[in-house]
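The values are calculated or read from the model by the stated rules, or taken from the named source; none is laboratory data. Note that this is a predicted model, so its numbers are computed, not measured. Please note: Cβ atoms are built from the backbone with ideal geometry, for glycine as well, and neighbour counts cover all protein chains shown. Note: areas computed on protein heavy atoms with side chains; ligands, DNA, RNA excluded. Shrake-Rupley method; radii C 1.70, N 1.55, O 1.52, S 1.80 Å.
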Amino acid sequence: MSKALFLSIPSHGHMNPMMGLANELVLQGEKVTFFSSEEFKKSIEELGAEFISYKEDLNIFQKKEVKPNEEQSKKKSLTGLTSAFLHPEIFIDDVLNEIGDRNFDYIVFSAAYPYAKLISQILQIPAISSYAVFATKDELFNKKAKAEIEPKKKAPFGLNAEIIQEFKKVRENLISKYKKQIPDNIMDLLFNKGDLNIVYTSKYFIRNMENYDESFIFIGPPVYKKKYTVDFPFEKIEGKKVIYISLGTIFSNHSTDLNNMFFKAFANTEYVVVMAAHKVNFSEAEIPENFIIRDYVPQLEILKHTTVAITHGGMNSMGDLLYYKVPFVSIPLGADQFFLSNRAEELGATIVLDTNTITAETIKNSVEKILTTSSYIENSAKINDSFKSAGGYKKAAEEIFKLKNK
């Protein structure tokens, strides 16, 4: 039995695939210690892994203000990714202090965990990186791709020259302190490459394999047997035509106009509409009687009853839909969702709608087209076949053991 250290950004999009990997390793006899936030404590412990809470809220993709400590009193309060880049102590020192004199055989980290590679170098153990983002750094930030990702965004994640200059000082201090190499490109901190790198799709789904070297493995979507403790009225969807709508846990609370379009498109229709709307305030909305809205739903169980879905195109959601052969319409909202949705459309598996021009009518018409055009089902089946032959978490565990035994 070996000991594995897990570090992840505590957001559902990054945690879900890593929890599946932790689950597989525990089943194969490994001892897993998983750092995360209190939100995921129960789920991690149910896997049989040890849970350790971060001292700080490290959900860097939320614009939550991080106040400087005494040593940083001269610095301004920062938010979101900026705090991650310029306050490395909450990503490095707090974790190392908590680890103490524990020994681990290897580390598994979210590629987007800032300074994860540095921690693996300090601990001098093999590093496995979990890529919850579909597009590579070059694809996300080169000039040609920017229009496809987020056309209105002026700078990646709002970074400006002042922040980048401040990062250079932080980098120099870290190199002096730890005597380890740190990337000089600030965005490399969100794409920490390991000795082994896990991507949750198939080679068939990848647009350009030239962007990946031999250290990358493609295991298919992060599907595993999840334990749900969420009550849901399944009797209301049994035997009915069901539309499942999920815009993810990050972007769903920024989509009031979209939610109103969904109401208009499907109110009083033959469908029962299930909406996963994480932390969305519907207090002033008129919700149609045929809608079931929950903060969180048991997604894989819902998909067993789903006729058609509408998704933001996040990696976890799209992987589940393709794996379970559920027809879907894509409405990408940010990050790599544009790449994922456009790639699925290139392969003939979905229709992509633009939030700048979308209407209730186009949503309804697209759903009907997906359901009545056989090619979408046929092309989705091809992707499904490639997913199921990719090997899943068992393949990932096999490659981790190979690396460990070296």
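A few remarks follow.
- Test: residue in the range 278-286 that is within 27 Å of ASN384 (Cβ to Cβ) and modelled with pLDDT of 85 or more: no
- Just one of the listed residues (VAL133, VAL108) is modelled with pLDDT of 90 or more and either open to solvent by 40 Å² or more (accessible area, probe 1.4 Å) or of a type outside the set (S, T, N, Q) (or both), and it is VAL108.
- Inter-residue pairs, beta-carbon under 7 Å, first acidic (Asp, Glu) and in the range 188-205, second part of a loop (DSSP other than H, G, I, E, B), 6+ apart: ASP195/PRO126; ASP195/SER215
- Just one of the listed residues (ILE292, ILE331) is under 24 Å from TYR376 (Cα atoms) and in contact (Cβ under 8 Å) with a residue 40 or more places away in the chain, and it is ILE331.
- The listed residues are LYS382, LYS395, LYS369, and the only one of them that is in a helix (DSSP H, G or I) and free of Cβ contacts under 8 Å to residues at least 40 places away in the same chain turns out to be LYS369.
- Across the range 1-46, the qualifying residues are those that are free of Cβ contacts under 8 Å to residues at least 24 places away in the same chain and under 18 Å from ALA397 (Cβ atoms), and the one among them that is most open to solvent (accessible area, probe 1.4 Å) is LEU27.
- Hey, GLU399 in contact with a strand residue (DSSP E or B) (Cβ under 9 Å, 6 or more places away or on another chain) and surrounded by fewer than 19 Cβ atoms within 10 Å (Cβ to Cβ) or not: yes
- Condition check for ASN342: open to solvent by 10 Å² or more (accessible area, probe 1.4 Å) and part of a helix (DSSP H, G or I): yes
- All conditions but one from (1) in a loop (DSSP other than H, G, I, E, B); (2) closer than 26 Å to PHE338 by Cα; (3) modelled with pLDDT under 85; (4) open to solvent by 20 Å² or more (accessible area, probe 1.4 Å) apply to ASP231; the one that does not is (2).
- Some residue of the range 324-331 being touching a strand residue (DSSP E or B) at 6+ places or on another chain (Cβ under 7 Å), open to solvent by less than 10 Å² (accessible area, probe 1.4 Å), more than 23 Å from ILE219 (Cβ to Cβ) and β-branched (Val, Ile, Thr): yes
- Residue in the range 317-336 that is among the aromatic types (Phe, Trp, Tyr) and not in a helix (DSSP H, G or I) present: yes
- For the range 319-326, the criterion of being touching a residue at least 12 places away in the same chain (Cβ under 8 Å), within 24 Å of GLU39 (Cα to Cα) and touching a helix residue (DSSP H, G or I) at 6+ places or on another chain (Cβ under 9 Å) is satisfied by at least one residue.
- Candidate set: the range 280-316, residues that are part of a loop (DSSP other than H, G, I, E, B) and among the acidic types (Asp, Glu); chosen: the one surrounded by the most Cβ atoms within 10 Å (Cβ to Cβ): ASP295
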